[in-house]
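Novice: My structure is below; once you've seen it, I'll send some questions.
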Amino acid sequence: MATLEKIRSKGGLLVIIIGVALLAFIVGDALTNSRNLFGDHTSVAKVGKEKIDYHDYQRKREELNHRLEAARAQNPAQYANFDTQLLAQMAIDELVGTTLLDRAVSRTGIRTTPEQLRFYVIENPVNQEALGTIIRQLNASGLSVTTPAQAYEVIFNPKRNNLTEEQAAPFRNAWIAMEEETKQMIARNTYQRLLYGTVKANDLDKKALHNDYIATRSVSLAYHPYGQLDEKEYPVSDAELKEAYAAEKNNFKVEEPTKEIGFIAINIAPSAADRAEAKRIAGATAAALRDSAGTLTPALKKDGVATQRIRKRLSDVQAGPVLNYVKTAPHDSVSIVVDNMRGFTVIKMGRRTSEVDSIQLNLVQVAGQALPAKVLARLNGGLALDSLSTAFSPDSVIGQAEQWIPLFNRDGASNAIEPAQLDSLRSAGGRYITLLSTPQGALLAKVVKQTAPVEVVEYDEYTYALNPSTKTVADERAKFEKFLAENTTAAKFAENAAKAGYTLQTFQITPSSPAIPRMAGYNQYYPESRQVARWVVIDGKPGEVSTIYEAKDATAPALYAAAVEAAYEDFVPMTNKEVKTYLTEKVRRSKAGDALVKKYKGAGNDLAKVAAAMNVEPRQIPSFRFGRGAGVNDAIALGRIAGANPKGGLTIVKGNDGVYAYIIEGVSTENFPYTDSAYEQQYFQLINPQMDQMLRGATKVTNNAYKFEAGE
């Protein structure tokens, strides 16, 4: 009773304590899990109701970055200009695709059998990256394995391979994780094969394709293209536009929220003052190299003049001004050989020599400390290289005959052999010498042959890259800031851009846009313009103009700004400039087509007269096939001609691109063999199934990637 009384007396305090604790719990849960009070703050994307977590996105970004680095290491030229702005959307695409695929796999109940798992892990590994990592880690731990079967044996029979359970445990965990990953890969591949297998032609489909190909028509044709139509002669009303839009509305559907923007990019070039300064520096560089010191001053180095010593075969010097100069330049001469919009190059000529650019050696590898001296003595005593294996153990001595060693490559001296070693080889008089010696063994060598000497040039190359100066960039920015201050709405931004000397481009930007494209429809983007796309997607509202964004590459600085002209989430509206232009032209062509068909029908039932009225010459198509119209590219005309009755006489029809008048002169069937497999493949190519679209169907995908990127 006393205890209960104490609790009752402290009731108010307990309510406060419990309330604070509950609030702390709720707030803490919201901050850490972010899924209860304030929505889902860790979902970088959604596939239907399934969420893709930001941490998975981060890991995928890192994985893609590692792949890119590896690709650049293997093929630097191909990936040198890869735009890393693409990585964010590539990560989303992969994660969305995997989510869709795993969902489909789960729904179909595909499972991996033990037999399949063994085949794809041991006999024909498909998860080579994870398996390779395990094998490398085993080898690094002193366990020599080369195949998956050997790795499995070591990991799951540790005692037989002198391992404790504790030592084997990490490898076993890694192997089990690799198997789970492989099961998933097998299931995905199985589903993909099944899905593609659903796109299969039946016998009627294949026969229809064959019949379309062998059925030919001999056609006489006259064609009047619409060309540029007079707006006054064929006016288009708002009511007609609305009707056309309603008929084609589904063609303007957007998959995700879209914003239409006006965009200005200013690529900053060096100013006249920058070019004048570059010329001054070029002259000062040449003068400094010609004076008694003959070296760059600290001031010129600070200005950005770079230098490197070049020693190359003359034949490896790239064709151009440098080669033209060093061919004949005297020793210690100095010349400005390049001076243009990119900068300058000054050459100070060095020595011109005649040198052997490759030698042929006999090489002998000998193991141990004492044996090399014995082998060397026997070789110089007359033992033939091919007799080494009988005179000494093949496990200790290996000979390689007539190995060519390049002393120069395209970039200069190859450093394959050190100068001291080369001198020793040449002065040995055809005898073997010890080229390299270690406690583990030695490398013996002798010169067999040398190439004829070639001309080698040595010179110092001084270069300066002409980039826009800090002042030039600041001046351009000030000018742009003035323009934006005077044009604070999207309408003014678009209206006055050209007057201010700027080129305005129009783009549609979505949450899946990697950055701002250089041209609509092309997969090339303005450098560092993802920051602009982020503002558009996250912050920009219709009518608003962004601040200035900057690409800070010193060699090609740029300034950007965007204005949001419109936003839509379901369909591109009829007011969109491109949509309105498209519909207007289509309606105008249709009206012109009606008028022209009526006009040409009045010319009589004679193709020659109709062609004369069109002011064209009729032409013959001896073998017209459906889908292969011998120059007829209009879908309406193709279909009408392919299905026309040979006895129908002259037909005049309006197409999308003009008016066609034709007569079917004859119908024939070619003797072309039917091959089931050929038309199976042709059907597949015609359908051209897109795996991602087949998986996605009507599933809504939401991309939130820009929400996780830093703002301005």
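Novice: Among (1) modelled with pLDDT under 90; (2) not in a helix (DSSP H, G or I), which single condition is residue 653 missing?
Specialist: Result: residue 653 passes all but (1).
Novice: Is it the case, given these coordinates, that residue 509 is under 22 Å from residue 474 (Cβ atoms), of a type in the set (Val, Ile, Thr) and at pLDDT 95 or above?
Specialist: Working: under 22 Å from residue 474 (Cβ atoms): no; of a type in the set (Val, Ile, Thr): yes; at pLDDT 95 or above: yes.
So residue 509 fails the test.
Novice: Also: Would region 685-702 turn up any residue that is hydrophobic (A, V, I, L, M, F, W, C), at pLDDT below 85 and over 30 Å from residue 512 (Cβ atoms)?
Specialist: no
Novice: Scanning region 372-397 for residues that are within 17 Å of residue 436 (Cβ to Cβ) and not in a helix (DSSP H, G or I), which turns out modelled with the lowest pLDDT?
Specialist: The extreme case among them is 396.
Novice: Which residues, counting only those in region 294-325, are in contact with a helix residue (DSSP H, G or I) (Cβ under 7 Å, 6 or more places away or on another chain) and surrounded by 17 or more Cβ atoms within 10 Å (Cβ to Cβ)?
Specialist: Hits for region 294-325 are 296, 300, 305, 317.
Novice: Kindly establish whether residue 446 is of a type in the set (Lys, Arg), within 30 Å of residue 354 (Cβ to Cβ) and not in a loop (DSSP other than H, G, I, E, B). If you could, list the steps in order and put the result at the bottom.
Specialist: Values: of a type in the set (Lys, Arg): yes; within 30 Å of residue 354 (Cβ to Cβ): yes; not in a loop (DSSP other than H, G, I, E, B): yes.
So residue 446 fits the description; yes.
Novice: Out of the residues in region 106-157 that are aromatic (Phe, Trp, Tyr) and under 15 Å from residue 177 (Cα atoms), state the one that is surrounded by the most Cβ atoms within 10 Å (Cβ to Cβ).
Specialist: Start the filter on region 106-157 by keeping residues that are aromatic (Phe, Trp, Tyr), which leaves 119-120, 152, 156.
Keeping just the survivors that are under 15 Å from residue 177 (Cα atoms) gives 120, 152, 156.
Values: 120: 19, 152: 16, 156: 13.
Out of the qualifying residues, it is 120.
Novice: On the basis of being in contact with a strand residue (DSSP E or B) (Cβ under 9 Å, 6 or more places away or on another chain) and modelled with pLDDT of 90 or more, does residue 214 make the cut?
Specialist: Details: in contact with a strand residue (DSSP E or B) (Cβ under 9 Å, 6 or more places away or on another chain): yes; modelled with pLDDT of 90 or more: no.
No: the conditions fail for residue 214.
Novice: Let me ask something else about it. Would you be able to say whether some residue in region 180-202 is over 36 Å from the mean Cα position of the chain (by Cα) and modelled with pLDDT under 95?
Specialist: Taking region 180-202 and keeping what is over 36 Å from the mean Cα position of the chain (by Cα), we get 202.
Right, trim to modelled with pLDDT under 95 and you get 202.
Yes; the residues of region 180-202 include at least one that is over 36 Å from the mean Cα position of the chain (by Cα) and modelled with pLDDT under 95.
Novice: Between 576, 656, which is crowded, with 17+ Cβ neighbours inside 10 Å, closer than 30 Å to residue 237 by Cα, touching a residue at least 60 places away in the same chain (Cβ under 8 Å) and among the polar types (S, T, N, Q)?
Specialist: Working: 656 fails: crowded, with 17+ Cβ neighbours inside 10 Å.
Exactly one of 576, 656 is crowded, with 17+ Cβ neighbours inside 10 Å, closer than 30 Å to residue 237 by Cα, touching a residue at least 60 places away in the same chain (Cβ under 8 Å) and among the polar types (S, T, N, Q), namely 576.
Novice: Where in region 134-244 are there helices (runs of 4 or more DSSP H), lying wholly inside it, with at least 2 residues that are of a type in the set (Gly, Ala, Ser)?
Specialist: Values: elements: 148-156, 165-197, 203-214.
Ranges flagged: 148-156, 165-197.
Novice: Just to be sure I understand the filter: pairs with C-beta atoms under 9 Å, separated by 6 or more residues or on different chains, first member in region 330-341 and closer than 13 Å to residue 320 by Cβ, second member surrounded by fewer than 18 Cβ atoms within 10 Å (Cβ to Cβ). Which pairs pass?
Specialist: So the pair list comes out as 337/320; 337/321; 337/324; 338/320; 338/321; 338/463.
Novice: Out of 479, 492, 499, 449, report the one residue that is surrounded by fewer than 18 Cβ atoms within 10 Å (Cβ to Cβ) and closer than 26 Å to residue 381 by Cβ.
Specialist: Details: 479 fails: closer than 26 Å to residue 381 by Cβ; 492 fails: closer than 26 Å to residue 381 by Cβ; 499 fails: closer than 26 Å to residue 381 by Cβ.
Matching residue, one of 479, 492, 499, 449: 449.
Novice: So is residue 42 surrounded by 11 or more Cβ atoms within 10 Å (Cβ to Cβ), within 30 Å of residue 529 (Cα to Cα), at pLDDT below 95 and of a type in the set (Val, Ile, Thr) or not? Give the derivation first.
Specialist: On the way: surrounded by 11 or more Cβ atoms within 10 Å (Cβ to Cβ): yes; within 30 Å of residue 529 (Cα to Cα): yes; at pLDDT below 95: yes; of a type in the set (Val, Ile, Thr): yes.
Yes; evaluated as a whole, the condition is true for this residue.
Novice: Look through 500, 474, 491, 554 and report the one residue that is in contact with a helix residue (DSSP H, G or I) (Cβ under 7 Å, 6 or more places away or on another chain) and of a type outside the set (Ser, Thr, Tyr). Working first, answer last.
Specialist: Details: 474 fails: in contact with a helix residue (DSSP H, G or I) (Cβ under 7 Å, 6 or more places away or on another chain); 491 fails: in contact with a helix residue (DSSP H, G or I) (Cβ under 7 Å, 6 or more places away or on another chain); 554 fails: in contact with a helix residue (DSSP H, G or I) (Cβ under 7 Å, 6 or more places away or on another chain).
Of 500, 474, 491, 554, the one residue that is in contact with a helix residue (DSSP H, G or I) (Cβ under 7 Å, 6 or more places away or on another chain) and of a type outside the set (Ser, Thr, Tyr) is 500.
Novice: Take residue 241 and tell me if it is in contact with a helix residue (DSSP H, G or I) (Cβ under 9 Å, 6 or more places away or on another chain) and modelled with pLDDT of 95 or more.
Specialist: Numbers: in contact with a helix residue (DSSP H, G or I) (Cβ under 9 Å, 6 or more places away or on another chain): yes; modelled with pLDDT of 95 or more: yes.
Spelling it out, residue 241 is indeed in contact with a helix residue (DSSP H, G or I) (Cβ under 9 Å, 6 or more places away or on another chain) and modelled with pLDDT of 95 or more.
Novice: Please return the ranges of helices (runs of 4 or more DSSP H) entirely within region 571-647 where 3 or more residues are among the basic types (Lys, Arg) and out of contact with any helix residue (DSSP H, G or I) (no Cβ under 9 Å at 6 or more places or on another chain).
Specialist: Hits in region 571-647: 577-601.
Novice: Let me ask something else. Could you go through region 408-429 and let me know if any residue there is touching a residue at least 24 places away in the same chain (Cβ under 8 Å), outside any loop (DSSP other than H, G, I, E, B), more than 22 Å from residue 350 (Cβ to Cβ) and under 36 Å from the mean Cα position of the chain (by Cα).
Specialist: No.
Novice: Among the residues of region 399-415 satisfying the criterion of being surrounded by 15 or more Cβ atoms within 10 Å (Cβ to Cβ) and in contact with a Leu (Cβ under 8 Å, 6 or more places away or on another chain), which is farthest from residue 435 (Cα to Cα)?
Specialist: 413
Novice: Within the set of pairs 6+ apart or on separate chains, which have a first residue in region 66-86 that is under 20 Å from residue 524 (Cα atoms), a second that is β-branched (Val, Ile, Thr) and surrounded by 11 or more Cβ atoms within 10 Å (Cβ to Cβ), and C-beta atoms under 9 Å apart?
Specialist: 68/84
The values are calculated or read from the model by the stated rules, or taken from the named source; none is laboratory data. Note that the structure is predicted; figures quoted are calculated from it, not measured. Don't worry about glycine lacking a Cβ; one is built from the backbone with ideal geometry, like all the others, and counts go over all protein chains shown.
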